[in-house]
Amino acid sequence: MKILCWNCRGAGNPATARELKQLLTANVPDIVFLCETKIHSNGFHRIRTICRMEGCLAVGSEGKSGGLALLWKEGVNVSVQNYSKFHIDSLVSMDDGEKFRFTGFYGQTDPSLRQQSWDMLRRVKSMVNEGWIVGGDFNAILNNSEKERGRRKPRTLMDDFCDVLEELSLTDVKTPNGWFTWTNNREGTKLVKERLDRFVISDEFMEKMSFLTSQIVRQSKSDHEAILLDMYGSNPKDKRVDHRAWFRYDICWAQEQEAKDIITRAWSSENCNVLEKMELIRDKLGPWQYQRFRRMKDKIKGLEKEISKLMDGPTNEGSLSLLKCARSKLGHLYDVEEKYWALRARSKWLKEGDRNTHFFHIRASGRRKKNSIKRLKDAHDVLRMCHDILKGNKSAECINETLI
């Protein structure tokens with residue numbers, strides 16, 4: 001189960017909507033919480049369709065500010081419990097029947113109203129009987145290490161935040177791949193960075209989910225980074241052969257001059273029959289196709305690391321310019337990648353039918369599903385997490401041999 005939260009600063013912007021789709025494709029979250037969508041609730045159907053999410057509850061913006069949305073994938077059992085213009089609270093049922101609460105949260109931007117945000121969390125807590133996860137833009141920091149430059153936050157505001165987490169038995173989840181999640185995008189010494197976006201989890205639920213991880217997801221359209229919570233984060237996976245490395249006809253070759261040149265040279269080879277020429281084309285185009293895909297992925301990862309260094313590293317006069325440049329390049333690569341896969345997919349859609357047909361629905365649903373073993377049932381019909389074995393809490397003999 002994965003949850004992604006992002007202060008997108010305007011989901012109605014086509015470029016931001018495309019970026020959101022890319023983030024979902026790359027990270028495959030089951031539940032998504034967005035804040036500052038800046039669009040009316042009735043207009044969110046288009047965003048849900050673009051993101052290929054099954055369920056959605058949107059809280060409309062007030063003018064050009066605010067707006068929340070909770071989206072979830074097909075097959076994810078989410079029941080919205082209550083909501084306001086600052087939160088959406090939901091009950092989530094997992095595959096084994098266990099339930100937990102997820103509250104998407106957007107803290108008051110006005111410090112004088114911050115106490116209202118904490119009071120709202122207290123009210124939600126009074127209705128929670130399950131494990132509890134709260135994620136989003138808190139618009140608050142716990143201590144001065146979560147801010148670089150700018151005016152110091154009043155100690156009382158930070159203490160109030162710490163106090164409410166302690167009162168509600170919520171633990172802050174750290175992100176190992178970065179620290180700051182927001183920047184004010186100002187030049188030179190006026191550039192300020194803060195850690196405003198986070199997940200906090202009830203203590204008892206944190207003990208259950210011992211392999212849980214959280215990370216910052218770099219993006220290019222907002223001054224806030226996205227954050228991702230993976231409840232099975234440390235589950236080791238078998239190494240898979242990337243299906244995109246397989247050799248098969250790719251409609252994109254018709255758009256690539258380099259591919260045309262490879263085919264022309266191979267087909268012009270002398271003393272080769274047709275089958276040998278086909279084999280030669282396969283030997284040349286297969287690695288070229290894989291390397292092209294890998295180069296694109298390597299560039300994206302490189303830019304994400306560069307953004308992380310700029311966000312968490314020391315600030316100087318050129319930091320903002322470098323940050324904007326890196327985000328612009330990252331956005332461009334996301335667009336290139338999206339167009340590349342859209343072109344490949346389009347050939348199949350044209351053959352099988354319109355994108356609104358049953359074929360497309362099955363195709364889209366199938367891509368979102370991944371085969372993995374999360375839990376096993378032992379001889380006493382008790383579901384055990386695979387992590388229990390890996391961590392040493394349970395032996396392999398405890399698990400029903402027929403399932404292994």
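A few notes on this one:
- Output for segment 182-191, where each listed residue is among the β-branched types (V, I, T) and touching an Asp or Glu at 6+ places or on another chain (Cβ under 7 Å): T183
- Top-ranked residue in segment 288-331 [being loosely packed, with under 13 Cβ neighbours inside 10 Å and more than 18 Å from K193 (Cβ to Cβ); ranked as nearest to the chain's Cα centre (by Cα)]: K301
- The residue pairs whose first member lies in segment 4-21 and is at positive phi, whose second member is in a helix (DSSP H, G or I) and modelled with pLDDT of 90 or more, and whose beta carbons are closer than 9 Å, counting only pairs six or more residues apart or on different chains, are R9/T16; G10/T16.
- Taking segment 210-230 as the range and being surrounded by 21 or more Cβ atoms within 10 Å (Cβ to Cβ) and part of a loop (DSSP other than H, G, I, E, B) as the test, the residues that pass are R218, Q219, S220, K221, E225.
- For segment 172-184, the condition of being modelled with pLDDT under 95, over 23 Å from the mean Cα position of the chain (by Cα) and under 22 Å from C35 (Cβ atoms) holds for none of the residues.
- The residue that is nearest to G104 (Cα to Cα), among those in segment 1-60 that are among the basic types (K, R) and assigned to a helix (DSSP H, G or I), is R48.
- Restricting S117, S112, S126 to those that are touching a Gly at 6+ places or on another chain (Cβ under 7 Å) and farther than 21 Å from K190 by Cβ reduces the list to S117.
So that you can scan it fast, the table gives a plain yes or no per residue for (1) basic (K, R); (2) surrounded by fewer than 20 Cβ atoms within 10 Å (Cβ to Cβ); (3) touching a Gly at 6+ places or on another chain (Cβ under 6 Å); (4) not assigned by TED's automatic domain parsing to the domain that holds E194:
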residue	(1), (2), (3), (4)
A11	no, no, no, no
A17	no, yes, no, no
A26	no, yes, no, no
V32	no, no, no, no
R46	yes, yes, no, no
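- Tally of residues being under 14 Å from F105 (Cα atoms) and touching a helix residue (DSSP H, G or I) at 6+ places or on another chain (Cβ under 7 Å) across segment 135-152: 1
- Test: residue in segment 133-146 that is more than 16 Å from R114 (Cβ to Cβ) and modelled with pLDDT of 95 or more: yes
- Matching residues, segment 270-287, being surrounded by 13 or more Cβ atoms within 10 Å (Cβ to Cβ) and either in contact (Cβ under 8 Å) with a residue 24 or more places away in the chain or outside any helix (DSSP H, G or I) (or both): C272, R282, L285, G286
- Given (1) without any contact (Cβ under 8 Å) to a residue 24 or more places away in the chain; (2) touching a helix residue (DSSP H, G or I) at 6+ places or on another chain (Cβ under 8 Å), number of the condition L121 does not satisfy: (1)
- Of all the residues in segment 166-205, those that are buried (at least 18 other Cβ atoms within 10 Å of the Cβ) and either part of a helix (DSSP H, G or I) or outside the structural domain of F102 (by TED's automatic domain parsing) (or both) number 1.
- Verdict on G136 being within 30 Å of R186 (Cβ to Cβ) and either within 23 Å of the chain's Cα centre (by Cα) or surrounded by fewer than 17 Cβ atoms within 10 Å (Cβ to Cβ) (or both): yes
The values are calculated or read from the model by the stated rules, or taken from the named source; none is laboratory data. Small disclaimer: the values here were computed from a predicted structure and weren't measured. Here the Cβ is made from the backbone with ideal geometry for all residues, glycine too, and neighbour counts use every protein chain on show.
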